[in-house]
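Report on the following structure.
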Amino acid sequence: MKNLLVSSAIAGALMLAGTPAFAYKIFVSNERGNDITVLDSENFEVIDTFDVGQRPRGIAVSPDGKSLYVCTSDDDIIKEFSTETYEFIRTLPSGPDPELLVVSPDGTRLYAANEDDNLVTIINLETGARVVEVPVGVEPEGMGISPDGQTVVNTSETTNMAHFIDKDSQQITANVLVDSRPRFAQYKADGSEIWVSAEIGGTVSVIDAESKQIKEKITFEIQGIRSEAIQPVGVRITPDDAKAYVALGPANRVAVVDANTYEVLDYLLVGQRVWQLAFSPDAEHLFTTNGISNDISIVDVSEDEVIKSVQVGQQPWGVAVADVD
């Protein structure tokens with residue numbers, strides 16, 4: 001009987017070891033394919049594809065994991081889908097050419113950058129109505145939000161600024177000049193810093209959240225790669241604020257950065273024209289969209305090693321993860 005119990009315990013442990021700590025789905029927006037590719041978390045394989053509209057780019061998942069929001073840029077709207085059934089739920093208003101969006105931590109508001117009319121649209125997710133449009137710089141793109149939801153950051157590509165918008169007043173409270181063509185804004189989990197990537201400038205500006213001053217500029221150098229091909233775009237910082245990952249566009253690399261010392265630790269070779277990034281819910285894996293090779297790369301975060309590449313749709317752009325536990 002004792003041997004039987006031991007054998008059962010071993011078998012149970014093996015089964016548990018083969019089960020993901022978190023069950024989740026990975027959603028990839030395919031800019032040219034006009035669809036979303038869905039992958040599972042068990043084998044990182046494609047399990048479905050569904051049409052969404054013209055030129056999907058920025059995507060985000062609601063905090064409860066039930067809704068997927070998609071910027072269909074050439075349709076000039078945002079669409080909401082079920083993460084479980086992929087069924088269309090509703091259309092949300094935006095200005096022309098919505099590109100990136102963020103959802104508030106409490107799930108009540110959505111903020112979208114509208115590239116063609118220099119506005120950030122604020123949407124009430126309970127009613128589905130537009131709350132207000134906030135004028136920002138020329139060609140707004142990047143969107144970031146503080147962990148407490150009180151501050152939204154928009155980056156404008158042509159004005160080369162990060163605009164800080166207060167949740168309550170819905171007004172810009174600060175403008176920070178960064179390097180050329182800022183693409184993305186990412187807060188640290190503790191809310192102390194905002195990292196803003198500059199695609200043409202080739203840098204990431206680290207902005208102090210309280211003073212709104214740039215405290216560091218991170219640069220990148222890859223042997224054998226021309227400096228003009230090193231173009232920072234997507235940025236993600238681990239939940240413990242220890243490491244940051246920066247997608248470097250046509251350099252086909254993701255930079256691994258010590259988020260405390262700002263030292264570049266490594267460059268990971270991924271697919272062609274790496275664009276956006278997302279963590280798994282447990283932050284054990286990082287997913288990159290590679291727009292020219294039409295695939296995503298999967299990075300083991302603890303080892304900083306690319307473990308798999310998966311073909312998706314045509315010109316993958318955005319990536320978001322929904323916890324389905």
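The values are calculated or read from the model by the stated rules, or taken from the named source; none is laboratory data. These numbers were taken from a predicted model, which means no experiment stands behind them. Positions of Cβ are backbone-derived with ideal geometry, glycine not excepted, and every protein chain shown enters the neighbour counts. Note: areas computed on protein heavy atoms with side chains; ligands, DNA, RNA excluded. Shrake-Rupley method; radii C 1.70, N 1.55, O 1.52, S 1.80 Å.
Are there any pairs with C-beta distances below 9 angstrom linking a residue in region 279-295 that is in contact (Cβ under 8 Å) with a residue 40 or more places away in the chain and farther than 19 Å from TYR267 by Cα to a residue that is in a strand (DSSP E or B) and among the aromatic types (Phe, Trp, Tyr), with the two at least 6 apart or on different chains, and if so which?
SER280/TYR24; SER280/PHE287; PRO281/TYR24; ASP282/TYR24
Looking at region 67-82 only, could you name the residues that are within 17 Å of the chain's Cα centre (by Cα) and open to solvent by 20 Å² or more (accessible area, probe 1.4 Å)?
Correct list: empty.
Inside region 88-100, can you point out the residues that are open to solvent by less than 20 Å² (accessible area, probe 1.4 Å) and farther than 24 Å from ASP148 by Cβ?
Matches in region 88-100: SER94, GLY95, ASP97, PRO98, GLU99.
Do any strands (runs of 3 or more DSSP E) lying entirely in region 43-123 carry at least 3 residues that are under 19 Å from GLN314 (Cβ atoms) and not basic (Lys, Arg), and which ones are they?
46-51, 56-61, 67-72
For the condition in a strand (DSSP E or B) and surrounded by fewer than 16 Cβ atoms within 10 Å (Cβ to Cβ), what is the one hit in GLU216, GLU210?
GLU216
From THR49, THR85, THR37, grab the single residue that is within 22 Å of SER293 (Cβ to Cβ), open to solvent by 10 Å² or more (accessible area, probe 1.4 Å) and hydroxyl-bearing (Ser, Thr, Tyr).
THR49
So that you can scan it fast, the table gives a plain yes or no per residue for (1) within 17 Å of ASN160 (Cα to Cα); (2) surrounded by 14 or more Cβ atoms within 10 Å (Cβ to Cβ); (3) more than 15 Å from the chain's Cα centre (by Cα):
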residue	(1), (2), (3)
LEU110	no, yes, no
ASP116	yes, yes, yes
THR121	no, yes, yes
ALA129	no, no, yes
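Does VAL131 meet the test of being closer than 29 Å to VAL274 by Cα, touching a strand residue (DSSP E or B) at 6+ places or on another chain (Cβ under 6 Å) and modelled with pLDDT of 95 or more?
It is false that VAL131 is closer than 29 Å to VAL274 by Cα, touching a strand residue (DSSP E or B) at 6+ places or on another chain (Cβ under 6 Å) and modelled with pLDDT of 95 or more.
Among the residues of region 82-104, how many are over 17 Å from GLY128 (Cα atoms) and in contact (Cβ under 8 Å) with a residue 12 or more places away in the chain?
Looking only at that region, the number is 7.
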